[in-house]
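Everything on this sheet refers to the single structure shown next.
Laboratory data are not the source of any read-out in this text; all were calculated from the coordinates shown. All values reported here derive from a predicted model rather than from experimental measurement. Here the Cβ positions follow ideal geometry from the backbone for every residue, glycine too, while neighbour counts run over all protein chains shown.
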């Protein structure tokens, strides 16, 4: 008898395939409800569920309408012949908010989701009520950062054909819990397009918001710094906060803090949402 399909560790919001005219079909988690919309934008290589699964229900319980979409080439995200582009991802996110008529939304960008949120606020300001950014930076330049991200991109491209069982073995050193949780994570990792994900890593290496981040200072914003981050140095994250004039909180954790320090990250996220929404409501 075959083994059952891997199950997520918690109940997830309903998953929908949403067709947006002129852009394509997107896979979206949407909790529904009439609360303020919070759009969760995931990091590189990780689809929405892998990045955000511990935080869906607490955000819903706090009264928010929770939306999360898979970026192009990631998870169940849009597949296209066009090269991966962060600006296209931002356009997708804005088009989704407009299509669902739920905006403006607070855009929460984690790691690669940070540039997507920033570009969304710059080019589609009518869809963004505020920004919350974490484990991300103004730019991804510098020899060490490029080495880290390019190496991971090459690794992901090389492992694209690996079956789920091989990914389970590779995840063991990362401390992924054994059993169904590890099987689910491995199954989710295999969903993405290796070519798109590798190109997304190169796109991050080209990204630089230094010259224009000041344009977003009018957008209510907060930055959660992952202070022990070995992939995106904390000083880069603080520079982003300074450029935005954003409220800052710090979490003594590495790059995967949203997963490894779930309670602490969630507390800071809820505090940041309250901070960002207060001036938006006053306006």
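Please list 190-197, 62-69, 102-109, 126-133 highest first by mean number of surrounding beta-carbon atoms within 10 Å per residue.
Going from most to least packed, we get 102-109, 126-133, 62-69, 190-197.
Which distance in Å, rounded to a whole number, links the C-alpha centroids of the stretch 101-145 and the stretch 1-54?
Using only Cα atoms to place each centre, the spacing works out to 18 Å.
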